[in-house]
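Read the structure below first, then the notes.
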């Protein structure tokens, strides 16, 4: 398939509404498979019929109108994808809800997001009932979806609701690891811009098949895979939830050639593959990863298991509708630790504590501006004012941009450690510790110290059947780190706390 530049794509068939993406795919590739789950599948023509039926059902039965919020409390499924596009066709704002959150956390989101309807499934019925008891929102329709959603026969075709490109499409609440989650309001233009960039950078097409195992309530599964595949006419093979053995089983049976996962999942895949003494997997041609740093040991191991795949590190956030940077197809080996270059029509700058631009190669906070960046946090003017300035979103990440525009993430601003005036980046220490053959993963935090203010503490998990002492690991690290960066304390654990996106919950480790 001939690849077109992003500008050519935007000028030739520029959609302004996300439902148009599915409409275009159904027109161009009606008989190609859109979704596959277990033994069930649906082509784009069938998908559009089901989406149109569900949109009319929601509008007629529950009076869902443009601008209303539709909550989805579901595991990954074909129905999830259909309901997303049904909501978008109406002009509603889709609220993907994280089923792994507590009742208290979900109740806060429902009270803040003000949905008209929350759609669930039998597996979460008890969870829904508990939230309904706790919430102050009495006007919400709590509904379990069934086949009637997708079999509604319209008397007249319902036209997609006209929406402005800056109107809200998705309301996704950030992980809120240090406080109340914020509702990021993603707009149609931003998500469309995102999938056009994925298409261009990863060179995907109607011949691309991805395996979605990350939750679709996060931007990677929702946008980086599902909506991305709709844009190009590709196929989404869906796992209800991630389980390593099931992932490898489906990967073996289906014609999957594109993976997009968080590093933790690749770590578990590699560990299982090593235990099974699996042969290298040749059919996967493109691998993307993001959501957390990927150390070089893991990068090299992924390349060995998938020798035919191009590896693309990415960097982004909910607030940037998924990616800000993507590694190009070809890049110098010296750039392997980079998260890539800015996607099209994106401005990046690294600023110091006074907001002044840092020279290339100097560390500062990464600020991001572009069509994919959200305009506001939902009903949270204070957070919007604090986190945005002159169109730039303040990422909260320390980064460096080199002379070729490659971005290197040094640390979360809140995770950096100040030891007696010396700045230490936790990611740098973690990368060194993770290189040790016995180390499975590590999380580094700063803990209070009466002399230095903060010192380095490392939490470490080991590979199965491996042993290691803190003295041995510290001596290993001495070969790579300055003395002041070495962990003063190393604590070995069976596992480390993470959120649903695979990110360490470092505030729990600090405490």
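Based on what the data block shows, is residue 237 assigned to a strand (DSSP E or B), surrounded by 15 or more Cβ atoms within 10 Å (Cβ to Cβ), in contact with a strand residue (DSSP E or B) (Cβ under 8 Å, 6 or more places away or on another chain) and modelled with pLDDT of 95 or more? The answer is yes for residue 237.
Return only the number of the condition from (1) over 26 Å from residue 418 (Cβ atoms); (2) in contact with a strand residue (DSSP E or B) (Cβ under 8 Å, 6 or more places away or on another chain); (3) in a loop (DSSP other than H, G, I, E, B); (4) in contact (Cβ under 8 Å) with a residue 40 or more places away in the chain that residue 502 does not satisfy. Only one criterion is unmet by residue 502, namely (2).
Scanning the range 84-93 for residues being under 20 Å from the mean Cα position of the chain (by Cα) and over 17 Å from residue 24 (Cβ atoms) gives a total of 1. Does the range 380-432 hold any residues that are over 18 Å from residue 295 (Cβ atoms), assigned to a strand (DSSP E or B) and under 23 Å from the mean Cα position of the chain (by Cα), and which are they? The answer is 388, 392, 393, 394, 395, 396, 401.
One residue is enough: does the range 291-303 have a residue meeting the conditions closer than 21 Å to residue 203 by Cβ, part of a helix (DSSP H, G or I) and at pLDDT 95 or above? Yes, that holds for at least one residue.
State yes or no: is residue 491 assigned to a strand (DSSP E or B), surrounded by fewer than 14 Cβ atoms within 10 Å (Cβ to Cβ), on the phi < 0 side of the Ramachandran plot and touching a residue at least 12 places away in the same chain (Cβ under 8 Å)?
Values: assigned to a strand (DSSP E or B): yes; surrounded by fewer than 14 Cβ atoms within 10 Å (Cβ to Cβ): yes; on the phi < 0 side of the Ramachandran plot: yes; touching a residue at least 12 places away in the same chain (Cβ under 8 Å): yes.
Taking the combined requirement at face value, the residue satisfies it.
If you check 473, 496, 505, 433 for being closer than 30 Å to residue 275 by Cα, buried (at least 18 other Cβ atoms within 10 Å of the Cβ) and out of contact with any helix residue (DSSP H, G or I) (no Cβ under 7 Å at 6 or more places or on another chain), only one passes: 496. For the range 304-346, a residue qualifies if it is over 14 Å from the mean Cα position of the chain (by Cα), at positive phi and part of a loop (DSSP other than H, G, I, E, B), and exactly one does: 345.
In this structure, is residue 160 within 29 Å of residue 40 (Cβ to Cβ), at pLDDT below 95 and surrounded by fewer than 16 Cβ atoms within 10 Å (Cβ to Cβ)?
Numbers: within 29 Å of residue 40 (Cβ to Cβ): yes; at pLDDT below 95: yes; surrounded by fewer than 16 Cβ atoms within 10 Å (Cβ to Cβ): no.
No; evaluated as a whole, the condition is false for this residue.
Taking the criterion of being more than 26 Å from the chain's Cα centre (by Cα) and touching a residue at least 60 places away in the same chain (Cβ under 8 Å), the residues of the range 11-31 that qualify are 28, 29.
Can we say residue 174 is in contact (Cβ under 8 Å) with a residue 40 or more places away in the chain, touching a helix residue (DSSP H, G or I) at 6+ places or on another chain (Cβ under 7 Å) and more than 26 Å from residue 50 (Cα to Cα)? Yes.
In the range 271-290, of all residues being under 23 Å from the mean Cα position of the chain (by Cα) and in a loop (DSSP other than H, G, I, E, B), the one that is surrounded by the fewest Cβ atoms within 10 Å (Cβ to Cβ) corresponds to 285. Of all the residues in the range 305-340, those that are touching a helix residue (DSSP H, G or I) at 6+ places or on another chain (Cβ under 9 Å) and more than 26 Å from residue 169 (Cβ to Cβ) number 10. Tell me whether the range 248-265 contains one or more residues that are part of a strand (DSSP E or B) and in contact with a helix residue (DSSP H, G or I) (Cβ under 7 Å, 6 or more places away or on another chain). Checked the range 248-265: at least one residue is part of a strand (DSSP E or B) and in contact with a helix residue (DSSP H, G or I) (Cβ under 7 Å, 6 or more places away or on another chain). The residues in the range 197-213 that are buried (at least 24 other Cβ atoms within 10 Å of the Cβ) and either out of contact with any strand residue (DSSP E or B) (no Cβ under 6 Å at 6 or more places or on another chain) or within 18 Å of residue 345 (Cα to Cα) (or both) can be counted, and the count is 5.
When residue 467 is evaluated against the numbered criteria (1) outside any strand (DSSP E or B); (2) surrounded by 13 or more Cβ atoms within 10 Å (Cβ to Cβ); (3) at pLDDT 95 or above, which criterion, by number, is the only one it fails? Condition (2) is where residue 467 drops out. The one condition from (1) under 27 Å from residue 174 (Cα atoms); (2) in contact with a strand residue (DSSP E or B) (Cβ under 9 Å, 6 or more places away or on another chain) that residue 268 does not meet is (2). Restricting the range 470-493 to residues that are out of contact with any strand residue (DSSP E or B) (no Cβ under 6 Å at 6 or more places or on another chain) and farther than 17 Å from residue 434 by Cβ leaves a set whose member that is modelled with the highest pLDDT is 471.
Residues that are surrounded by fewer than 24 Cβ atoms within 10 Å (Cβ to Cβ), farther than 19 Å from residue 128 by Cα and either at pLDDT below 95 or within 27 Å of the chain's Cα centre (by Cα) (or both) within the range 62-83 comprise 66, 67, 68, 78, listed in sequence order. Residues that are touching a residue at least 24 places away in the same chain (Cβ under 8 Å) and in contact with a strand residue (DSSP E or B) (Cβ under 6 Å, 6 or more places away or on another chain) within the range 40-59 comprise 42, 44, 47, listed in sequence order.
The values are calculated or read from the model by the stated rules, or taken from the named source; none is laboratory data. Being a predicted model, the structure only gives us computed values, none of them experimental. Using ideal geometry, Cβ is built from the backbone for each residue, glycine included, and neighbour counts are taken over all protein chains shown.
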